[in-house]
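Please treat every number below as a calculation from the coordinates, not as lab data. Please read these numbers as outputs of a predicted model, since none were measured by experiment. As a convention, Cβ positions derive from the backbone with ideal geometry for all residues, glycine included, and neighbour counts pool all protein chains shown.
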Amino acid sequence: MSKNRVIGTLVALALLGAPLATANPFFHHLLIMVLFSTLLGVAWNLLGGYSGQVSFGHSAFLGVGAYATMLLHLKLGWSPWLGLVFGGALAMAVAVPIGLICFRLRGPYFSLATLAVAEIVRLVALNWESLTAGPQGLLITHLPELKLFGQAIDWETKIPFYYVIAVLTLLGMGVTFIVSQSRLGAYLLAVREDIDSAEAAGIDTVRTRVVALALSAALVGMAGGFYALYFRYIDPDAVFSVALSVEMVFIAVVGGIATTGGPIVGAIFLVTISEIFRERFQSGHLIFYGLFMMVIIRYLPEGIWGRLRFLLRLSTQRA
Amino acid sequence: METILQSVVSGVLMGSLYAMIAVGLTIVFGVMRIINMAHGEMVMLGMFGAFWSFTLGGIDPFVSLLIWMPAMFAFGMFVQRFLLGKIIAGGELNTLLYTAGLSLLIANLALLFWTGDYRNINVAYGSPPMRPFGISVSVPLAIAFVLAIAITTGLYFFLSRTDTGRAIRATAQNPDSAALMGINVARIDMITFGLGTALAGAAGVLLAPSLYLYPTVGEILVVKCFVVVVLGGLGSIPGAIAGGILLGLVESLGAVYVSVAYKDTIGFVLFLLVLLFRPSGLFGAGRT
Amino acid sequence: MALLEVSNLSKDFGGLRAVSDLSFVLNQGEILGLIGPNGAGKTTVFNLMSGFLEPLTGSVRLDGHELVGLRPNAIVKRGVARTFQIVKPFRKLTVLENVVLAAFLHEPKRVAATAEARRILAMLDLTEKADSYASDLTLGQQKRLEIARCVATRPKVLFLDEPMGGLNPTEVEAACDLVLKLRGNGITVILVEHQMRAIMKISDRVLVLHHGVKIADATPESIVRDPAVIKAYLGEEAA
């Protein structure tokens, strides 16, 4: 336990200090993207990694969070940060019925169902123009003033955004850690192994999965809110896309399913590859996502961090 | 009345191609119990194969079927033997993720080499369309329809009349018993995957003169074909055929009577409903 | 009132009637053996009673409460636990963790659940294996692990589905002793088995199923002499 506390503290300190290492805004952007991707991976992992329910539709929750945040600010004048939290809550609310429907299915059928649900949500967002402005998307020109310790925060630079995403990511990792040590976490692992056995052990497998999904969706929803405020523009193809859902799967799988730290590794990989190839080939980075996914599944199914952790004896839990 | 008839005809023609792609997907599932997320990319490869042999070699796309179908068969066998074969033992989840990765890889390699520009093939007989009984029928699509039926019928005879075909059906029913009977299951898996890929590629070739071609077309196609396969019952060939035609009809009529925008949604909603209430397919033919 | 009352239980699979109008009672503290030739429907009966299958007709009452229609985990909460014919331990978890999972049902806190789990492992002679992965156990040990998991849910009734299948004679003896020990701890047991000697030795009563129909329900001594039973197992001539 204390080994974990030490690591956790070091990570927190590193996170706090990182942006101060340089004044280069591009570097700050990279850090933000790494943390954003980490949060997505962490959130996906709660459901996908721990309970083995592979969702290809998580972008639905991201989009719900993003649109909620934008619309609450643009149409009702809410503070965008309040909207962000509300976006997470809304995504959580939406996740429950989706889960109750989709969890009747197992394995790949579940995955396909999530894909179908996400596509339906995307198509609705695309076509319900009176609500979402359809393919035009939504734009936020500048963020309202917010004062911290008497000083107005300058939202034109990247550093404040960094701290917001850092807090959210730490929150996600904290939630993951707490769950992994709790009864819920144990139940999730049982569900991943064998649903019938889990039921026979007295575990309510539907409720267990719905709770995991709800937590996962809440985190992704808040990430969506962040996306909206950082990029200031969203449209259905950006936030509801299948590609985004697959990226989340990638981050968690490459990093290490069912580990707290795995998604960071996966996120670093993803963002690094993204940036290297963004200049040269337009979507060349996707080639490497695909390739890496294949290599990892074949040779390192427990993920990079999963394998490292096992080798370094940081955990006795087999992937 | 004419509009309905027109919709129905278009729907059936398109549906026959969906059916062919879905049959490829369903035999792979029936025999190997895997869900191949890269199936759509196989169709895409067939499409581009036809495009390049037409553009660079002047070969009529339907004639190029003779080149591409065996080529895709070989490619499928290669994928199974060297890539997928080792993954299947890792479980359904791993196989799903692996084939998702493969799908990303193939689609984006294609994007890299061939760019995202929309291409199309203009064959001499592409227009004007035929007008039997006042209904407009595109000539290439009609030819595709006929060939799709021919190929699917050929597959049917292969599966029911030849030894290899019977071996495939036996493996689909029970791989362990099949192995005990002396069937080389690894070889059957290779042949089955080859066949599935060949069907997908062939469908791509047949569709090439009728659609706009772009490397990421596989994404939407694979989802649609899963809808078909689930509608018809996973593992059932007649189900896949019926399901394909049904989807073609639903989309065609949906575009006219509901809205063009939401026509794709109808398929997905139907899909969810079937998964929830009749997971063995509308006709109860599938295995769950 | 009997502990468990099964009335008119039936189940069809396609055109086949797997279980036909089955009725019986189970009394507190009994060990009830359930036997029958292969395909008689024994595991199906367990699946029907534990919520893994829905019956066509019939009811299953535990202490007067209806169990039919409840999900398997709800039935476990009511006090009915079952093992599986083909063992299903949680392979990637340790033996201890396997039992802790089940202990969580009544002990939500990890510390208490772990203590309870250790106690149960001791009762089942699995203490040494507590930190081994479930997949590393022998078949006999895995069967005991599954029973340990059941015991952790504090069942009133325990369904054992062929607990002695695949065990050598020494292990079978040990399994018999275990079942008697469980009964001694206040658990009522229904036992499906093919090992005749074991069934005859420990059962208070035996139920015989053939083609889904109950053909006998009596003491072990009466069963072996029952012509209908002999016919079912050995055919017409032997009767």
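Take the Cα pairs of the range B:2-214, get the Kirkwood Rh, then feed it into Stokes-Einstein at 20 °C and 1.002 mPa s and tell me D in µm²/s.
Details: Rh = 18.1 Å.
Value of D from the Cα-based Kirkwood radius: 118 µm²/s.
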Check the straight Cα-Cα distances from C:Lys77 and name the aspartates and glutamates below 12 Å, setting aside those fewer than 8 residues away within the same chain. A:Glu199, A:Asp204
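Quick one: which of A:73-80, C:175-182, A:119-126 comes out on top by average Cβ neighbours within 10 Å, and what's the full order, highest first?
Values: A:73-80: 14.6, C:175-182: 17.8, A:119-126: 21.1.
Averaged packing, sorted descending, gives the order A:119-126, C:175-182, A:73-80.
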R0 of 45 Å, Cβ-Cβ distance C:Thr127-C:Lys231: FRET efficiency to nearest 0.05: 0.45
Expressed as an acute angle from 0 to 90° and rounded to the nearest 10, what is the orientation of the C-alpha long axis of helix B:92-114 relative to the principal long axis of chain B? 40
Go through B:93-100, A:56-63, B:44-51 and give me the packing order, highest mean Cβ count within 10 Å leading. A:56-63, B:44-51, B:93-100
To the nearest 10 degrees, how steeply does helix B:185-207 sit against the main Cα axis of chain B, on a 0 to 90 scale? 10
For Cα pairs less than 8 Å apart in space and 6+ apart in sequence, what is the mean separation divided by the residue count of chain C, i.e. the relative contact order in percent? 25
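What average number of partner chain Cβ atoms lie no more than 10 Å from the Cβ of the residues making up C:63-75? Intermediate values should be presented prior to the final figure.
On the way: counts 0, 0, 0, 0, 0, 0, 0, 0, 4, 10, 11, 3, 3.
Mean partner-chain Cβ count within 10 Å for C:63-75: 2.
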Relative to the longest principal Cα axis of chain C, at what angle does helix C:169-184 sit, 0 to 90 degrees, rounded to 10? 80
Protection proxy (average C-beta count within 10 Å per residue), highest first, orders A:195-204, B:66-75 as A:195-204, B:66-75
For A:110-119, mean number of other protein chain Cβ atoms within 10 Å: 6
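Would you work out if the range A:2-241 is rounded, prolate or oblate? Take a ≥ b ≥ c from the square roots of the eigenvalues of the alpha-carbon gyration tensor; rounded if a/c is under 1.5, else prolate when a/b is larger than b/c, oblate otherwise.
On the way: a/c = 2.33, a/b = 1.27, b/c = 1.84.
Cα axes put the range A:2-241 in the oblate bin.
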For A:202-210, what's the mean count of beta carbons from other chains sitting within 10 Å of each residue's beta carbon? 5
For chain B, what is the relative contact order in percent, using Cα pairs closer than 8 Å and at least 6 residues apart in sequence? 38
What is the Cα centroid distance between the range C:1-63 and the range A:172-202, reported in whole angstrom? 31
Please state, as a whole number in µm²/s, the translational diffusion coefficient that the Stokes-Einstein equation yields for the protein assembly as shown at 25 °C and 0.890 mPa s, with Rh defined as the Kirkwood radius across alpha carbon pairs. 83
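When a/c is below 1.5 the answer is rounded, else prolate if a/b is larger than b/c, else oblate, so apply that to the range A:1-145 with a ≥ b ≥ c taken from the square roots of the Cα gyration tensor eigenvalues. Write down the numbers at each step before the final one.
Values: a/c = 2.20, a/b = 1.15, b/c = 1.92.
Because a/c hits 1.5 or more and a/b fails to exceed b/c, the range A:1-145 counts as oblate.
Using Cα pairs under 8 angstrom and six or more residues apart, how large is the relative contact order of the range A:2-241, in percent? Present the calculation step by step, with values, prior to reporting the outcome.
Values: 344 pairs, mean separation 95.8, N = 240.
Value for the range A:2-241: 40 percent.
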If we count every other residue with Cβ under 9 angstrom of A:Thr259's Cβ, Lys/Arg +1 and Asp/Glu -1, where does the sum land? 0
Hey, which lysines would be in cross-link range of A:Lys158, C-alpha to C-alpha under 20 Å, not counting anything within fewer than 8 residues on its own chain? A:Lys147
Debye intensity ratio I(q)/I(0), log10, the range C:1-61, q values 0.23, 0.25 Å⁻¹ (C-alpha model): -0.99, -1.14
Under 1.5 on a/c is rounded, so check that first for the range A:112-266, then, if it is not, pick prolate when a/b is larger than b/c and oblate when it is not; a ≥ b ≥ c are the square roots of the alpha carbon gyration tensor eigenvalues. oblate
For C:Val213 paired with A:Ala152, estimate the spin-label separation in nm (one decimal), with each label point 7 Å from Cα along the Cα-to-Cβ line. 9.0
Under 27 Å Cα to Cα from B:Lys263, which lysines show up? Leave out anything in the same chain fewer than 8 places away. B:Lys224
